[in-house]
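Below is one structure, written out as structure tokens; comments come after it.
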Amino acid sequence: MEHKLNYNDLWAYAPAPEDSGHVNIRDRYGLFLNGRFQDADSGKTFETHNPATEVRLSEVAFAGETDVDAAVKAARNAFDKSWNPMPPADRGKYLFRIARMIQERSREFAVAETLDGGKPIKESRDIDIPLAAAHFFYYAGWADKLEHAFPTRAVTPMGVAGQIIPWNFPLLMAAWKIAPALACGNTVVLKPAEATPLTALKLAEVIQDAGLPDGVVNILTGDGSTGAALVNHPGIDKVAFTGSTAVGKLIQNSIAGSHKKATLELGGKAANIILDDAPLNQAVEGIINGIFFNQGHVCCAGSRLLVQEGVADEVIAKLKDRLETLRVGDPMDKNTDIGAINSREQLNTIEGYLKLGQEEGAQIHQPECSLPEKGYWCRPTLFLNATQSHRIVQEEIFGPVLAIQTFRSVDEAIEMANNTPYGLSAGIWTDKGSRIFNLTRRLRAGVVWANTYNQFDPTSPFGGYKESGFGREGGLHGLEPYVNFD
Amino acid sequence: MAHLDIPKTYKLFIGGQFPRTESGRSFSLENAEGGTIANLCQASRKDFRNSVAVARKAQAGWADRAAFNRSQILYRLAEMLDGRRAQLVEELNFQGISSVDAEKEVCASVDRLVYYAGWCDKYQQVSGTVNPVASSHFNFSVPEPMGVVGILAPDEFGLLGLVSLFAPVIVGGNTCVILASESKPMCSITFAEVAATSDVPAGVINILTGFREELVPHFATHMDVNSIVYAGDNDPDVKILQEGSALNLKRVRIHRGVDWISSSSQGPQFILECQETKTTWHPVEVIKPKTGGY
């Protein structure tokens, strides 16, 4: 009988809240259009809330078609008059400035990110914000070196990029989109997610402070209709979208026959594969990080656990134990592991899948943790005895829900892992090097983590196979989607 | 005594075999004087689907072959094609191409295969990267085949267009289904005979003859095709391909206004446009402090 941890009162943590007092969130934000904050043409606004408390944080302008048109024109004008004619080294210097200013204001960005999106402060502080700054820093250096990225081929910028980002990594996704676009000489119109506009607007402040020429970056807050107006605007040359596969397909369809090019970073349903020779304690940490990082609101989340039969009981027992120690609650607490679900709407979606998974015949397991009264919360959840045809195995849930299946042979694991329409990422845990490369080669996924999971870096290309979208962000490969070849 | 010609039956090329279209339909090709040169198969949706099925089946095995082996097979294709030069020039003549231009096209086709044969074990090195991530991980990115590629060959070059598009696709470990030039389809089937005798595994190259108008929508919407490569300038066709491709997020590559005779119409970019990028991470052990030397 294995030693069991006692999770009773010895495990109480003292609260360790991050202070938000120094963070200035304005009561109202306009659209960042042609270098200035301004109201939407319609005067419409919408509120943004803290999903952990349901308290209103700010009110932001709601961009309509007129505003999109003005922003695209401002971006085109900036492309023609300032950004494209500018010496590439100077474009790089502006990007370096942005990177530095994000670093300088990193604590403020981290707090704002956590307040607006509900993610644990330790994640926004240690991952989102540093990576966003690093992304600008990395691409800054490419601005005057593009001829080395594409030897023997003459490249020119595309023009105006329309960029639409999701709510799970608001500032980081803005950095992933804006940095390579600007480094390659394009100007941009960015639409942040409706639920999480604040850090993009703070980034607009940084861009203003950095002195970028007016119109090079325009940030329009709004909802899906704003995004649609941007995608369909004839004045953009490029669509860069991160979000759901369903919307990605709509975009590909709606720009068919036009001159616009697209990169799409869409959904995923990654398999995290545990082989019987894996270092199990490390693997369990990898599984936890894979699915519960950012409440599972991660397109590359390891949302399917494939565990080899011989170690399945042991791994599941360890997982259940580990679940008991996860701290769910106040995202502003520095000890919190799982913060708030991003929105009421997303919580409804996740709860729908929790119900569905049980109806399909999988067994649900959740720890006995208490949840705050206000806000949107979901306990970390395991589904045992899931099967390949279950919708909780095939569909992206985008929440802290792990579907567990077992397998006997490596070939079976590969077949199961590849058997969804997605192909964004995968994880492998084994002690054997040759087996790692057998698996990494045969898994149809754009990013494969072996004996680790959910690692990101500006130098490392990220993007999917199959219905997880196309194009890469990050690294040398992340430049190509923002240039035209002569 | 004069020898009585035996006209060739032009059939489809699917899975290494030469079936007639399952639809039993044909269309005739006429010379400038209005005489029939040949009757070709008018491939159907079902023929296309059969081709995709065999291409899918062949793909993993083709991609698993050593790059050196693929290289030799491509080179073998060039050898076999060179041996058929006279026949292909004659066929191009029949289809209205002058002898000078026909000779040029056939030579360029042979040279293109030789060119791409040499790329099989090199494109990985020019497009792969080792990425200097900030954490303690070894991280690298390599190109991998997309899978099954649908190719719509350009109309104007019956042989060279087809070769220029499929060679880089199969160099990269993909398999393909090609819709040959509609107005100059003869050489595509003769080329299939070259492919059938060149150690190219069955199903890697599949060639259909038929009508764009009928088949383009099926190329666009087939759920087991990963990518579409199209050469031409028919805007409605492009739109149909791009719209239909959204069903399963096919990667659509459009080549307009390319001078296929020119050597500028070849290059690693044609290989890489049908490649995915896979990035692999693995931790690097950290035991000693960085100041220590082994």
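Checking each residue in the stretch B:88-136 for being among the small types (Gly, Ala, Ser), more than 14 Å from chain A (Cβ to nearest Cβ) and either under 27 Å from B:Gln72 (Cβ atoms) or surrounded by 22 or more Cβ atoms within 10 Å (Cβ to Cβ) (or both) picks out B:Ala102, B:Ala108, B:Ser109, B:Ala117, B:Gly118. For the stretch A:239-255, the set of residues classified as among the small types (Gly, Ala, Ser) and either under 17 Å from A:Ala70 (Cβ atoms) or assigned to a loop (DSSP other than H, G, I, E, B) (or both) consists of A:Gly243, A:Ser244, listed by residue number. Looking at this structure, is B:Asn93 over 29 Å from B:Val225 (Cα atoms) and polar (S, T, N, Q)? Taking the combined requirement at face value, the residue satisfies it. When A:Leu95 is tested against (1) out of contact with any helix residue (DSSP H, G or I) (no Cβ under 6 Å at 6 or more places or on another chain); (2) under 14 Å from A:Asn186 (Cβ atoms); (3) in a helix (DSSP H, G or I), exactly one condition is not met: (1). You will find that of A:Phe37, A:Phe46, the residue that is outside any helix (DSSP H, G or I), out of contact with any helix residue (DSSP H, G or I) (no Cβ under 9 Å at 6 or more places or on another chain) and among the aromatic types (Phe, Trp, Tyr) is A:Phe46 and no other. For the stretch B:108-131, a tally of residues being part of a loop (DSSP other than H, G, I, E, B) and in contact with a strand residue (DSSP E or B) (Cβ under 8 Å, 6 or more places away or on another chain) returns 2. Residue pairs whose Cβ atoms lie under 6 Å apart, separated by 6 or more positions or on different chains, with the first residue in the stretch A:123-135 and under 16 Å from A:Met332 (Cβ atoms) and the second surrounded by fewer than 21 Cβ atoms within 10 Å (Cβ to Cβ), are A:Ile129/A:Ser106.
Just checking, does the stretch A:256-272 include any residue being farther than 18 Å from A:Ala403 by Cα, within 13 Å of another protein chain (Cβ to nearest Cβ), aliphatic (A, V, I, L, M) and part of a loop (DSSP other than H, G, I, E, B)? Looking through the stretch A:256-272, at least one residue is farther than 18 Å from A:Ala403 by Cα, within 13 Å of another protein chain (Cβ to nearest Cβ), aliphatic (A, V, I, L, M) and part of a loop (DSSP other than H, G, I, E, B).
Look at A:Gly361 and say whether it is farther than 30 Å from A:Gly478 by Cα and outside the structural domain of A:Gly471 (by TED's automatic domain parsing).
It is true that A:Gly361 is farther than 30 Å from A:Gly478 by Cα and outside the structural domain of A:Gly471 (by TED's automatic domain parsing).
If we scan the stretch B:154-167, do we find a residue that is outside any strand (DSSP E or B), within 30 Å of B:Ala53 (Cβ to Cβ), within 13 Å of the chain's Cα centre (by Cα) and of a type in the set (S, T, N, Q)? The answer is yes; a qualifying residue exists.
Where strands (runs of 3 or more DSSP E) fall entirely within the stretch A:145-238, those with at least 1 residues that are within 19 Å of the chain's Cα centre (by Cα) and surrounded by 24 or more Cβ atoms within 10 Å (Cβ to Cβ) are at A:160-164, A:187-191, A:217-219. Is it fair to say A:Tyr482 is closer than 15 Å to A:Cys299 by Cβ and hydroxyl-bearing (Ser, Thr, Tyr)? Answer is no for this residue.
Of the residues making up the stretch A:127-144, just one is assigned to a loop (DSSP other than H, G, I, E, B) and either of a type in the set (A, V, I, L, M) or outside the structural domain of A:Leu230 (by TED's automatic domain parsing) (or both), namely A:Ala143. In this structure, A:Phe96 does not satisfy being within 24 Å of A:Arg26 (Cβ to Cβ) and among the aromatic types (Phe, Trp, Tyr). Whether a residue is modelled with pLDDT of 95 or more, assigned by TED's automatic domain parsing to the domain that holds A:Tyr138 and either aliphatic (A, V, I, L, M) or within 27 Å of A:Lys249 (Cα to Cα) (or both) was assessed, and A:Gly423 does not pass this test. Looking across the stretch A:338-371, the residues that are out of contact with any Asp or Glu (no Cβ under 9 Å at 6 or more places or on another chain), farther than 19 Å from A:Thr196 by Cα and not in a helix (DSSP H, G or I) come down to A:Gly361, A:Ala362, A:Gln363, A:Ile364, A:His365, A:Gln366, A:Ser370, A:Leu371.
Against the condition out of contact with any helix residue (DSSP H, G or I) (no Cβ under 9 Å at 6 or more places or on another chain) and basic (Lys, Arg), how does B:Lys278 come out, does it pass? So B:Lys278 does not fit the description; no.
Quick grid of which residues meet (1) surrounded by fewer than 24 Cβ atoms within 10 Å (Cβ to Cβ); (2) hydrophobic (A, V, I, L, M, F, W, C); (3) touching a residue at least 12 places away in the same chain (Cβ under 8 Å):
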position	(1), (2), (3)
A:Phe398	no, yes, yes
A:Asp411	yes, no, no
A:Ala417	no, yes, yes
A:Pro421	yes, no, yes
A:Gly427	no, no, yes
A:Lys432	yes, no, yes
A:Tyr465	no, no, yes
A:Gly469	no, no, yes
A:Pro481	yes, no, yes
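Restricting attention to the stretch B:246-258 and to residues that are over 18 Å from the mean Cα position of the chain (by Cα) and facing another protein chain (nearest Cβ under 8 Å), the residue that is surrounded by the fewest Cβ atoms within 10 Å (Cβ to Cβ) turns out to be B:Leu247.
The listed residues are B:Thr209, B:Thr277, and the only one of them that is within 12 Å of chain A (Cβ to nearest Cβ) and among the hydroxyl-bearing types (Ser, Thr, Tyr) turns out to be B:Thr277. One residue stands out among those in the stretch A:114-144 that are within 13 Å of chain B (Cβ to nearest Cβ) and under 16 Å from the mean Cα position of the chain (by Cα): the one that is nearest to A:Pro87 (Cα to Cα), which is A:His135.
Residues of the stretch A:460-481 being within 7 Å of chain B (Cβ to nearest Cβ) and over 18 Å from B:Val142 (Cβ atoms), which ones? Scanning the stretch A:460-481 gives A:Glu467, A:Gly469. For first residues located in the stretch A:13-41 and crowded, with 19+ Cβ neighbours inside 10 Å, partners that are among the β-branched types (Val, Ile, Thr) and lie 6+ apart or on another chain with Cβ distances below 6 Å form the pairs A:Glu18/A:Ile121; A:Tyr29/A:Val60; A:Phe32/A:Ile219. A:Pro85 fulfils the conditions (1) under 26 Å from B:Gln269 (Cα atoms); (2) outside any helix (DSSP H, G or I) except for a single criterion, (1).
Which one of these is assigned to a loop (DSSP other than H, G, I, E, B) and either out of contact with any Gly (no Cβ under 6 Å at 6 or more places or on another chain) or farther than 29 Å from A:Asn50 by Cβ (or both): A:Asp277, A:Asp313?
Working: A:Asp313 fails: assigned to a loop (DSSP other than H, G, I, E, B).
Of the residues listed, the single one that is assigned to a loop (DSSP other than H, G, I, E, B) and either out of contact with any Gly (no Cβ under 6 Å at 6 or more places or on another chain) or farther than 29 Å from A:Asn50 by Cβ (or both) is A:Asp277.
Among the residues making up the stretch A:216-226, none is farther than 20 Å from A:Phe241 by Cβ and touching a Lys or Arg at 6+ places or on another chain (Cβ under 8 Å).
The values are calculated or read from the model by the stated rules, or taken from the named source; none is laboratory data. Predicted, not measured: the structure shown is a model, and the values here were computed from it. Don't worry about glycine lacking a Cβ; one is built from the backbone with ideal geometry, like all the others, and counts go over all protein chains shown.
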